[in-house]
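Bear in mind that the values in this text are calculations on the coordinates, not laboratory data. Fair warning: this is a prediction, and the values are worked out from it, not measured in the lab. Cβ atoms come from the backbone with ideal geometry, glycine included; neighbour counts cover every protein chain shown.
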Ligand SMILES: [Mn+2]
């Protein structure tokens, strides 16, 4: 186990930056139950944990399977190994606090059962305060140590893709290509794929989120390959579309239009622009090519510890891009019967523009 120290930004720990949200909620403490948020805040990577953050201290609750691991991984929080359930342990602490503590919680993450259990363990004194997306907002902006991890994960998937694609031949099953891709990721040091790899050939490539099947790749088909790897806890995500055989002028034209949309949206990225404006830039290019109706999803999304994070690059999204955000840019067109084309790069928002992290060729490969 290698310890990834929790990075401090300008002297403030991540937990301290989270505490800055307390007055606005308002809350006296925050209960963090989403494991990626817990990992982000204190470094713990186990599968069972709660993080309780008060204004002067923080406690990670986990179980006895993680005694050693917690000691190795956790910074900025005390560790409590719960003997009779994590919620119960936290409830015992809350029951001893004076007054009626205002407890912030993650409404999209805390289950009704957890809420009920804590309520009964703490003697119904808790004042619940919904605290949506606080940690997620911090996570959207990657600090220097995270930027290194994002670059490395993107470099890994670029290398894996280039190697695996060199061996692709008609007669191979989509599932076999996905298996090759995910095997190669692990050989290169990834802990696994950041989502189930998409390998979609022929008419199936018109399904933006196709699952690979036992369908064999055939000559004269489009092939969409969308995959990412998790390296030291951080996700990558990249899509390329290739053709088996010689593509028609129409298919080449579609490819160039999608590439132009991706490049135009990427060029629009800088701090201060709204996420929706990046989406609009991609959409405008495809509309000019009379392909707007075939672009049926948003232009991209943030990523990091999770494959989908803030911000979303979608229509009318008002969130302002900031230096340090990691984003995908992935326009596509999907035409029933013919197939689909998507080209996806990952970028980091720098002081003035976008740094493209994924490096596999964007030339239209005809294999
Ligand atoms: Mn993506």
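Report the extension gain between residue 72 and residue 308 in nm, rounded to one decimal, defined as 0.36 nm multiplied by the number of residues separating them, less their alpha carbon distance. Don't skip to the answer; put the middle values down first.
Numbers: separation 236, 0.36 × 236 = 84.96 nm, distance 2.77 nm.
Between residue 72 and residue 308, full extension yields 82.2 nm more.
Take each of the peptides 12-19, 342-349, average the number of other beta-carbon atoms within 10 Å over its residues, and list them starting from the highest.
342-349, 12-19
Using alpha carbons only, what's the Rg to Rh ratio of segment 1-160 with Rh from Kirkwood?
That ratio equals 0.99.
Within 10 Å, count the other beta carbons around each residue, average over each peptide in 325-331, 122-128, and list them highest first.
Packing proxy ranking, top to bottom: 325-331, 122-128.
What length, rounded to one decimal in nm, is gained on full extension from residue 218 through to residue 143, with 0.36 nm per residue of separation minus their alpha-carbon distance?
22.6 nm
Could you tell me the center-to-center distance, by alpha carbons, between segment 283-302 and segment 66-115 in angstrom?
For segment 283-302 versus segment 66-115, the Cα centre distance is 44 Å.
Hey, fewest Cβ within 10 Å first, where do 295, 21 land in order? Intermediate values should be presented prior to the final figure.
Values: 295 23, 21 19.
Ordered from fewest to most neighbouring Cβ atoms within 10 Å, 295, 21 come out as 21, 295.
Taking 2.2 N^0.38 Å as the expected size of a compact globular protein, what ratio does the Cα radius of gyration of segment 227-367 give against it, to two decimals?
Here the Cα radius of gyration is 1.02 times the empirical estimate.
Taking R0 as 30 Å, what FRET efficiency do you get between residue 293 and residue 173 from their Cβ-Cβ distance, rounded to the nearest 0.05?
Details: r = 32 Å, r/R0 = 1.06.
E(calc), rounded to 0.05, equals 0.40.
Restricting to DSSP H runs of at least four residues, report the calculated mean residue ellipticity at 222 nm for the chain, -39500 (n - 2.57) per run over all residues, nearest 500 deg cm²/dmol.
-10000 deg cm²/dmol
Cα gyration tensor of segment 147-269, axes a ≥ b ≥ c as square roots of the eigenvalues: rounded (a/c below 1.5), prolate (a/b > b/c) or oblate? Working shown, then result.
Numbers: a/c = 2.13, a/b = 1.21, b/c = 1.76.
Oblate.
Wrap a convex hull around the Cα atoms of the chain, take a quarter of its surface area, and give that in square nanometres.
19.1 nm²
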